[in-house]
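**Student:** First, the structure itself, so that you have it in front of you.
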Amino acid sequence: MTDMKTDTDVVIAGAGPTGLMLACELRLAGVDVVVADRLAARTGESRAGGMHARTMEVLDQRGVLDRFLAAGTPRPIGHFSGLWLDFDQLETRHPWSLMLLQSHIERLLEEWATELGVRVRWSSEVTGIRQHDSDVEVEVGGPVGLRSTLRARYLVGCDGGRSAVRKLAGIGFPGTPATVTALLGDVELADPPAESLFMQRRTGGDFSVFAFEPGWYRVVTTEHDRVADPREPVTFEELRESLLRIAGTDFGMHSPRWVSRFGDAARQAERYREGRVLLAGDAAHIHFPAGGQGLNMGVQDAVNLGWKLASVVHGRAPEILLDSYHAERYPVAERVLHNTRAQAALTRPGPQTDALRDVLRSLLEYDDVNRHLGGMITALDLRYPMSDDHPLTGRRVPDVELKTGDGRRRVFELLRAARPVLLDLRGDTALAATAEGWADRVDLVEARSAADHWPVWPVDEIPAPAALLIRPDGHIAWTAHAGATPDPAALRTALTAWLGPATAD
Ligand SMILES: Cc1cc2nc3c(=O)[nH]c(=O)nc-3n(C[C@H](O)[C@H](O)[C@H](O)COP(=O)(O)OP(=O)(O)OC[C@H]3O[C@@H](n4cnc5c(N)ncnc54)[C@H](O)[C@@H]3O)c2cc1C
């Protein structure tokens, strides 16, 4: 779709998990992308240590989840500020956390992106942008000879918490400043603890020691009211002193591979779009990494944005569709910032917080409380606001089994191509006639539900619906009630809202 005047359809700044996932989504939809990253190459460093169920589901929708499952270790638990959550009651095929270092997640995403024809341009820092009516110029720095200006239809800043794109677009980043200093080191231990230690609370703060992979340990300390200057480089000695202060031992740590510092500053971009510039992932939101939500949210931002941006680039949907990206994803991050502020407060040392934690721990014995927090941390409970009020509409489609002319298939398997799906579960010829004007944009699938009832978050079941319009991100845009004749006018409204006007209109 690149026209004569642009070098590419979309420039993505940043080849972290968000930028890579977005590149894959855009390529699946036939959009040309250039991914520019300021690093000379991947560092192999890992902040995140895993992914949650909804991220596994979106990878499953695209048919690449098995690669991640093969590389990671599933554990049927998560946590809220170090208080264990039982995930095995979550309504999903993947009721666990997948322990997998961010470096492996990035490697696997990059391999998939390469298969789809994406090439990451390393040593390519985005340093300037100029927006015009029909395109955006992106200045990309780098070694002499590699500096250039790329002209694209859109630029997406997936360039992390200190996003240059966000600053260059003049988008504010309000929020709350850090109140804690957390230090992280991947180190060797001469005298390791007998088993992993997670968020051990002491008078001065808390510490964790995990054995992620053979040969090295991840040590994390959190101290309150000692906010470090983020411009000061972090040192191995600083980590050792912090661990000694909190734990009274350094476990004989030596040979650091990586040390880093983070905090609980919680900030969010005031808007996710400024003309032809959009933000996703940490560029749009930062927060305390409690519960392990940031990488997951970035990947899911990308899955929400990718198909919308592709439709607009292809000229099929009006630009206003892009505003639904902010409308749907801003509140998601707002809620994560809120829950991570609560989790940071729950890490404060002292008898009052100890008591609060005990009360919360006792509440977690109730299945409903456990499921409520599990749904929030994994984002399985998300429901985007939509006009139709069927209990499934706006939610992620359940991955139920279908009987099709080609045998049994799961609903997620229909989403491999990242195209919208109109699922007809009653053999209603009127549906195909209604959707005729969108035949180039939606896959009409006729099937029968293998089960009479479908799950609806959190625990309810409803009779299998008569028909569904499923967006490429797996969220349901329109549902026809079981036993009812689908309303063609409501379907036309949903098709127009999400896919643009019908071809003949
Ligand atoms: C200690 C810790 C533990 C965490 N654990 C978890 C966890 O278990 N689960 C979870 O979901 N999240 C976790 N997170 C959060 C997670 O690491 C981030 O949310 C995630 O990395 C965000 O991905 P991203 O692609 O948006 O940004 P980043 O990973 O920051 O990637 C941004 C990329 O942009 C590049 N870049 C920067 N500036 C420019 C520029 N001007 N031009 C071009 N490229 C640029 C960078 O080099 C980088 O490659 C954790 C974070 C921390 C600190």
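**Student:** Please pick out the residue among LEU295, LEU243, LEU305, LEU322 that is more than 16 Å from the ligand (Cβ to nearest atom) and either assigned by TED's automatic domain parsing to the domain that holds ALA152 or in a helix (DSSP H, G or I) (or both).
**Tutor:** The unique qualifying residue is LEU322.
**Student:** Would you point out which residue out of ARG271, ARG226 is surrounded by fewer than 23 Cβ atoms within 10 Å (Cβ to Cβ) and in the same structural domain as SER46 (by TED's automatic domain parsing)?
**Tutor:** Exactly one residue qualifies, and that residue is ARG271.
**Student:** What number of residues within segment 35-56 satisfy the criterion of being near the ligand (Cβ under 6 Å from one of its atoms) and either farther than 30 Å from ARG151 by Cα or of a type in the set (Lys, Arg) (or both)?
**Tutor:** 5
**Student:** Could you grab me the full set of residues in segment 88-124 that are polar (S, T, N, Q), surrounded by fewer than 21 Cβ atoms within 10 Å (Cβ to Cβ) and either in contact with a His (Cβ under 7 Å, 6 or more places away or on another chain) or within 26 Å of PRO458 (Cβ to Cβ) (or both)?
**Tutor:** Passing the criteria: only GLN89.
**Student:** If I filter segment 68-99 down to residues being among the β-branched types (Val, Ile, Thr) and more than 24 Å from ASP358 (Cα to Cα), which single residue comes out as farthest from the ligand (Cβ to nearest atom)?
**Tutor:** So, considering only residues that are among the β-branched types (Val, Ile, Thr) and more than 24 Å from ASP358 (Cα to Cα), the one farthest from the ligand (Cβ to nearest atom) is THR92.
**Student:** For residues in segment 246-292 being of a type in the set (Asp, Glu) and closer than 20 Å to PRO331 by Cα, which is nearest to the ligand (Cβ to nearest atom)?
**Tutor:** Per the stated criteria, the residue is ASP282.
**Student:** Also: Within segment 414-433, work out how many residues are more than 15 Å from ILE476 (Cα to Cα) and modelled with pLDDT of 95 or more.
**Tutor:** 2
**Student:** Can you name the number of the only condition in (1) surrounded by fewer than 17 Cβ atoms within 10 Å (Cβ to Cβ); (2) part of a strand (DSSP E or B); (3) without any contact (Cβ under 8 Å) to a residue 60 or more places away in the chain; (4) of a type in the set (A, V, I, L, M, F, W, C) that ALA194 fails?
**Tutor:** (2) is the only condition that ALA194 fails.
Residues checked against (1) of a type in the set (Gly, Ala, Ser); (2) free of Cβ contacts under 8 Å to residues at least 40 places away in the same chain; (3) surrounded by fewer than 24 Cβ atoms within 10 Å (Cβ to Cβ):
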residue: HIS287; (1), (2), (3): no, no, no
residue: GLY292; (1), (2), (3): yes, no, yes
residue: LEU295; (1), (2), (3): no, no, no
residue: GLN300; (1), (2), (3): no, no, no
residue: VAL303; (1), (2), (3): no, no, no
residue: VAL313; (1), (2), (3): no, no, yes
residue: ARG316; (1), (2), (3): no, no, yes
residue: GLU319; (1), (2), (3): no, yes, yes
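**Student:** Are there any pairs, at least 6 apart or on different chains, whose C-beta atoms fall under 6 Å, with the first in segment 333-350 and more than 24 Å from LEU382 (Cβ to Cβ) and the second of a type outside the set (A, V, I, L, M) and surrounded by fewer than 14 Cβ atoms within 10 Å (Cβ to Cβ), and if so, which?
**Tutor:** Qualifying pairs under 6 Å: PRO349/THR203.
**Student:** Mind listing whichever residues of segment 89-127 are farther than 19 Å from GLU213 by Cβ, out of contact with any Pro (no Cβ under 9 Å at 6 or more places or on another chain) and either small (Gly, Ala, Ser) or not assigned by TED's automatic domain parsing to the domain that holds THR18 (or both)?
**Tutor:** ALA113, GLY117, SER124
**Student:** Residues being in a strand (DSSP E or B), within 21 Å of ARG218 (Cβ to Cβ) and more than 16 Å from the ligand (Cβ to nearest atom): count how many of those fall in segment 175-190.
**Tutor:** So the count comes out to 2.
**Student:** (1) polar (S, T, N, Q); (2) free of Cβ contacts under 8 Å to residues at least 60 places away in the same chain; (3) over 23 Å from GLY205 (Cβ atoms): which one isn't true of THR353, the others all being true?
**Tutor:** Every condition holds for THR353 apart from (3).
**Student:** Further question: Residues that are of a type in the set (D, E, K, R), touching a strand residue (DSSP E or B) at 6+ places or on another chain (Cβ under 7 Å) and crowded, with 20+ Cβ neighbours inside 10 Å, at least 1 per element: which strands (runs of 3 or more DSSP E) completely within segment 375-449 meet that?
**Tutor:** Filter on segment 375-449 gives 421-424.
**Student:** Does ASP452 qualify as being in contact with a strand residue (DSSP E or B) (Cβ under 9 Å, 6 or more places away or on another chain) and free of Cβ contacts under 8 Å to residues at least 24 places away in the same chain?
**Tutor:** When the stated conditions are applied, ASP452 passes them.
**Student:** Follow-up question, since we're still on this one. Restricting to segment 133-161, name every residue that is touching a strand residue (DSSP E or B) at 6+ places or on another chain (Cβ under 9 Å), exposed (fewer than 13 other Cβ atoms within 10 Å of the Cβ) and of a type outside the set (Ser, Thr, Tyr).
**Tutor:** Once the filter is applied, which keeps residues that are touching a strand residue (DSSP E or B) at 6+ places or on another chain (Cβ under 9 Å), exposed (fewer than 13 other Cβ atoms within 10 Å of the Cβ) and of a type outside the set (Ser, Thr, Tyr), segment 133-161 yields only LEU146.
**Student:** Further question: Looking only at segment 10-34, which residues are over 12 Å from the mean Cα position of the chain (by Cα), in a helix (DSSP H, G or I) and within 10 Å of the ligand (Cβ to nearest atom)?
**Tutor:** Once the filter is applied, which keeps residues that are over 12 Å from the mean Cα position of the chain (by Cα), in a helix (DSSP H, G or I) and within 10 Å of the ligand (Cβ to nearest atom), segment 10-34 yields nothing.
The values are calculated or read from the model by the stated rules, or taken from the named source; none is laboratory data. Note that the coordinates shown come from a computational prediction; the quantities given were computed from them, not determined experimentally. Cβ coordinates were reconstructed from backbone atoms using ideal geometry, including for glycine residues, and neighbour counts include every protein chain displayed.
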